[in-house]
Amino acid sequence: MTETRAERMRWPDITAYLEHDDRAIIAIGAVEQHGSHCAMGTDTMIADAVARAAAERTGVVVYPPIWFGWSDMHMGFEGTVSLRPSTMQAILTDFVESLTRAGFRRFLFLNGNRRVNLPPMQIAATELTNAGGRIVAVADVAYLAYDQVATLRRSPPGGIGHAGEIETSVMCHIHPDCVWLENAVSAPTHAATPQRVFMSSDPAFDGGDRFLLPRTAEQFRASTKETGVSGDPTFANAETGVAVFTEMVDGLVKVLDILRETPLPPAPVSRANQG
Ligand SMILES: [Zn+2]
């Protein structure tokens, strides 16, 4: 099988790859608390595993993941590391500029820190695409299998969230050594007790706000009853995990296919041509 992991390739391998493909996957996650039952690297581990599995199926080059993300909400729990959004944008920009110089033109940012990392990722992707000559797509593991999760889930509404049923199930599949199910606690979110949900697209979650009212890290910690969990990981199991993981990989393969067929925007006008 052809090697697709950049850290295991040599530069001539990249040269040869660029003769027939110009796509690269860059995953970004988080090192943040995931309750007392999942390791802090959960988000990056999931994004990286999905990225590498999709790379093996498509032959697309995948770079080592960016381990850290924007995790301000979780700073009330020991051990979490949070990058400023501007730092994330700078890292992603430098990543893409480096690979553009090599000849890559189509990029896929894969987020593992469900929803939270998206704003800086979207801004970086849009700015990099607007510069011309390349395209930067953004995908999120939470949405790659969003429709399928509706039927694969076992928990009642409110069970899927931070360190909840789905994230924990996927970890049971890919990294069972980083899950301590005996410590899992049920801490369902908005469905159980109407709670502020900024722009949830599900009208079933009545009581959600239509505006953003940020909470401090300490308020978030208290809202989880000191568990760090927003969801119900007691429903987690490896069978659900393998099913969801498979859907995530299928979803990413589809995105990579679309990316391959998407025309590149015109290349930027070089300064030399501007007179
Ligand atoms: Zn997570």
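Mind counting the residues in the stretch 173-193 that are farther than 19 Å from residue 31 by Cβ, part of a loop (DSSP other than H, G, I, E, B) and open to solvent by less than 60 Å² (accessible area, probe 1.4 Å)?
Matching residues across the stretch 173-193 total 6.
Have a look at 133, 158 and point out the one that is out of contact with any helix residue (DSSP H, G or I) (no Cβ under 8 Å at 6 or more places or on another chain) and surrounded by fewer than 24 Cβ atoms within 10 Å (Cβ to Cβ). Can you show your working first?
Numbers: 133 fails: out of contact with any helix residue (DSSP H, G or I) (no Cβ under 8 Å at 6 or more places or on another chain).
Only one candidate passes the filter, namely 158.
Can you tell me how many residues in the stretch 226-236 are surrounded by fewer than 17 Cβ atoms within 10 Å (Cβ to Cβ) and in contact (Cβ under 8 Å) with a residue 40 or more places away in the chain?
Taking the stretch 226-236 and keeping what is surrounded by fewer than 17 Cβ atoms within 10 Å (Cβ to Cβ), we get 226.
In the following step, the residues that additionally are in contact (Cβ under 8 Å) with a residue 40 or more places away in the chain were identified as none.
Residues meeting the conditions: 0.
The conditions are (1) within 19 Å of residue 248 (Cα to Cα); (2) open to solvent by less than 20 Å² (accessible area, probe 1.4 Å), and residue 120 fails exactly one of them. Which is it?
Answer for residue 120: the failing condition is (1).
Is it the case that the stretch 9-29 has a residue that's within 16 Å of the ligand (Cβ to nearest atom), in contact with a strand residue (DSSP E or B) (Cβ under 9 Å, 6 or more places away or on another chain), at pLDDT 95 or above and not in a loop (DSSP other than H, G, I, E, B)? It would help to see each step written out before you state the result.
Pass one, the stretch 9-29, residues within 16 Å of the ligand (Cβ to nearest atom): 27-29.
If we keep only those that are in contact with a strand residue (DSSP E or B) (Cβ under 9 Å, 6 or more places away or on another chain) too, we end up with 27-29.
Checking the rest, the ones that are also at pLDDT 95 or above come to 27-29.
Subset that is not in a loop (DSSP other than H, G, I, E, B): 27-28.
Checked the stretch 9-29: at least one residue is within 16 Å of the ligand (Cβ to nearest atom), in contact with a strand residue (DSSP E or B) (Cβ under 9 Å, 6 or more places away or on another chain), at pLDDT 95 or above and not in a loop (DSSP other than H, G, I, E, B).
For the stretch 169-178, which positions are more than 12 Å from the ligand (Cβ to nearest atom) and either among the aromatic types (Phe, Trp, Tyr) or touching a strand residue (DSSP E or B) at 6+ places or on another chain (Cβ under 6 Å) (or both)?
Selection gives 172 alone.
Which of (1) of a type outside the set (Asp, Glu); (2) open to solvent by less than 50 Å² (accessible area, probe 1.4 Å); (3) modelled with pLDDT of 95 or more is the odd one out, the single condition residue 91 does not satisfy?
Checking residue 91 against (1) of a type outside the set (Asp, Glu); (2) open to solvent by less than 50 Å² (accessible area, probe 1.4 Å); (3) modelled with pLDDT of 95 or more, the one that fails is (2).
Being within 12 Å of the ligand (Cβ to nearest atom) and β-branched (Val, Ile, Thr) is the filter here, so list the residues in the stretch 33-56 that pass it.
Scanning the stretch 33-56 gives 42, 44, 46.
Which number in (1) within 16 Å of the ligand (Cβ to nearest atom); (2) open to solvent by 60 Å² or more (accessible area, probe 1.4 Å); (3) in contact with a Lys or Arg (Cβ under 9 Å, 6 or more places away or on another chain); (4) not small (Gly, Ala, Ser) marks the one condition that residue 67 misses?
Looking at each condition in turn, residue 67 falls short on (3).
Could you say whether any residue in the stretch 246-268 is within 14 Å of residue 149 (Cα to Cα), surrounded by 17 or more Cβ atoms within 10 Å (Cβ to Cβ), at pLDDT 95 or above and in contact with a Ser or Thr (Cβ under 7 Å, 6 or more places away or on another chain)?
Taking every residue of the stretch 246-268 in turn, none turns out to be within 14 Å of residue 149 (Cα to Cα), surrounded by 17 or more Cβ atoms within 10 Å (Cβ to Cβ), at pLDDT 95 or above and in contact with a Ser or Thr (Cβ under 7 Å, 6 or more places away or on another chain).
So, of the residues in the stretch 152-168 that are among the small types (Gly, Ala, Ser) and within 12 Å of the ligand (Cβ to nearest atom), which turns out to be farthest from residue 34 (Cα to Cα)? Quick ask: steps written out before the conclusion?
Kept after step one, since they are among the small types (Gly, Ala, Ser), are these residues of the stretch 152-168: 155, 158-159, 161, 163-164.
If we keep only those that are within 12 Å of the ligand (Cβ to nearest atom) as well, we get 161, 163-164.
Working: 161: 11, 163: 5, 164: 9 Å.
Among them, the one singled out is 161.
Please identify the pairs in which a residue from the stretch 36-53 that is free of Cβ contacts under 8 Å to residues at least 60 places away in the same chain and within 15 Å of residue 81 (Cβ to Cβ) has its Cβ atom under 7 Å from the Cβ atom of a residue that is of a type outside the set (Lys, Arg) and within 10 Å of the ligand (Cβ to nearest atom), counting only partners at least 6 apart or on another chain.
Pairs found: 40/32; 40/33; 40/34.
The values are calculated or read from the model by the stated rules, or taken from the named source; none is laboratory data. If you're wondering where the values come from, they're calculated on a predicted model, not measured in any experiment. Note: ideal-geometry Cβ built from the backbone for every residue, glycine included; neighbour counts use all protein chains shown. Accessible surface is based on the protein model in full, side chains and every heavy atom, while ligands, DNA and RNA are left aside. Shrake-Rupley method; radii C 1.70, N 1.55, O 1.52, S 1.80 Å.
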